[in-house]
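The block underneath contains the structure these notes are about, expressed in structure tokens.
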Amino acid sequence: MSAPSTALQALAQRLAESAGLIGKEDIQPVVDALGISDADAIRVGDDAAAIRVDNGWNLLACEAMLPAFVEQMPWFAGFSSLWVNVSDIQAMGGRATAVVDALWAEDADKARAILAGLRAASALTGVPVVGGHANLQAPHTAISVAVQGFASRLLTSFDAQAGDQLIAAIDLRGRQHAPWPFWDAASDAPPERIRADMELMPTLAESGLCKAAKDISQGGIVGTCALFAESSRVGITLDIDAIQKPEDYPLEQWLCTFPSFGYLLAVKPENVAPVLAHFTARDISARSIGNIDASQELAIQQADSRAVVRNLSDAPLTGCAAAVGTPSRFTSNSHGSI
């Protein structure tokens, strides 16, 4: 591998300083303050907390919407609050069963658009809103949603291994909600298609073809790769020319964009072809976009040139990496999330 070109090195530096990636550092002081460690019964750092039960795992996750996003796009913020939670459950190989919401608004009129979006996402996905909390005399507008789900077999952020290939599965049928780096492939889609696509991750987990995956979240492909690599104590090198994206969408912007249906998967080379076919059969774009090694570096590659975005051994993001020498917990007690 040759030394990185000036352009590739500059791109790596901009990605290293991107808001979506740097924002993940906010997790670390929370982890420290709560005294969370890898010795805890429920491992923290995954897309959802996974609590072992007799026949699988109960899953629990929550998300809060950015305040400016809620203010500027209240309907889509309400829609997204449920949608991103359901995505977190799917990333763990699970099926969402119910959500609750916590809503703050100055009055009922301010709340109405948010709740309309939340209701639309519930109707689209078939995941019911079963309760929550509301304050319609608050000095601000905000929404947070928590989700419950179940997985019979688990996908985790902690089980990527050196030698795996990194696959991205992304629904490119959608539109951007400018000025936010959000790609919406869900809100205008037919319910029957969405509900069938929601089966892709659980059935993949149940097939045994993959055991490590992560939802592409705030921070986009680059930010999610950093979290994935840190959790599994591996390195990831992204081939930026292999990454699928919507036509005419700038690559650098896409690398930091939050897609509404997007997952990263660590897959053994012999399983790559059937995993790709699992998604493309439903018109979801799926490609091998990188390699996983033992370096603990997040890097980008173009042709034979490679540039490091972040060394996660020297500069961890969240502090949620598995302890050195810790065996996989894929078949043991539990996993968790922040």
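The values are calculated or read from the model by the stated rules, or taken from the named source; none is laboratory data. In this text, all values refer to a predicted model and were calculated from it rather than measured experimentally. All Cβ positions, glycine included, derive from the backbone under ideal geometry; neighbour counts span all protein chains shown. For accessibility, only protein heavy atoms count, side chains too; no ligands or nucleic acids. Shrake-Rupley method; radii C 1.70, N 1.55, O 1.52, S 1.80 Å.
At q = 0.06, 0.13 Å⁻¹, what is the base-10 log of I(q)/I(0) for the chain according to the Debye formula with one equal point scatterer per Cα and no solvent? Please give it to two decimals. One equal scatterer on each Cα of the chain leads to -0.19, -0.96.
Kirkwood hydrodynamic radius, computed over distinct alpha-carbon pairs, for segment 36-95: how many Å, to one decimal? One over the average 1/r among Cα pairs gives 13.1 Å for segment 36-95. The residues of the chain present an accessible area of 40 Å² per residue when probed at 1.4 Å with all protein chains retained. Within segment 1-155, the ratio Rg/Rh, alpha carbon atoms throughout and Rh by Kirkwood, equals 1.06.
As a fraction of the 1.4 Å probe accessible area of segment 21-111, surface on carbon and sulfur atoms comes out at 59 percent.
The label point for Ser2 and the one for Ala277, both projected 7 Å from the Cα toward the Cβ, are 3.8 nm apart. Note on the chain: helix-only mean residue ellipticity at 222 nm, from DSSP H runs of 4+ residues weighted -39500 (n - 2.57) and normalised by residue number, equals -9000 deg cm²/dmol.
Compactness of segment 258-320 was expressed as the Cα radius of gyration divided by 2.2 N^0.38 Å, which yields 1.37.
Compared with the dominant principal axis of the Cα atoms in the chain, helix 108-125 is inclined by about 60°.
Restricting attention to the chain, lysine pairs at least eight places apart or on different chains and with alpha-carbon atoms under 19 angstrom apart total 4.
Across segment 148-285, Cα-Cα distances exceeding 26 Å account for 19% of all pairs. Directionally averaged projected area (segment 106-170, Cα convex hull): 7.5 nm². Between Glu106 and Glu252, the FRET efficiency estimated from the beta carbon spacing at R0 = 30 angstrom works out to 0.20. Beta bridges per DSSP, both residues in segment 3-141: antiparallel share near 50 percent. For the chain, the longest principal axis of the C-alpha atoms and the axis of helix 74-91 are separated by about 50°.
Split the accessible area of segment 173-242 by element, probe 1.4 Å, and carbon with sulfur accounts for 53%.
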